[in-house]
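Q: To start, I am sharing the structure in question, which I have written as structure tokens.
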């Protein structure tokens, strides 16, 4: 597994979570909106743990612990759009960010 800095695509919004499954925190509509934008969710963990990306030097763990967060919503340029200490906070922060960028849920195909 590659260290996290090398495993994140540069053109996608990312929701990393420290030792948690971010998909369990977002509801189905939020997950659909993130996917529609080309975003992805990443579980960050220490080397040797079950995770999507290893925090090889503990940088993300120290940073998130220092700001009291378990989740972060990163823009493609790695600007921090929102942080949250729990799933409820992530859902609220995600909705706020989506409203600010006018990102609506993907529309179902029209029936013929």
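Q: Could you check the spin-label model distance between residue 61 and residue 92? Points 7 Å from the Cα along Cα→Cβ, value in nm.
A: 2.9 nm
Q: Could you tell me whether the stretch 4-100 comes out rounded, prolate or oblate from its Cα gyration tensor? Rule is a ≥ b ≥ c as square roots of the eigenvalues, rounded for a/c under 1.5, then prolate if a/b exceeds b/c, otherwise oblate.
A: Judged from the Cα gyration tensor, the stretch 4-100 comes out prolate (a/c at least 1.5, a/b above b/c).
Q: Sticking with this structure for a sec: Using 0.36 nm per residue, how much length does the chain from residue 32 to residue 46 gain when fully extended, once their Cα-Cα distance is taken away?
A: So the chain would gain 2.2 nm between residue 32 and residue 46.
Read the figures in this text as sums done on the coordinates, not as results from a lab. Everything numeric here is computed off the predicted structure, so don't read it as measured data. Please note: Cβ atoms are built from the backbone with ideal geometry, for glycine as well, and neighbour counts cover all protein chains shown.
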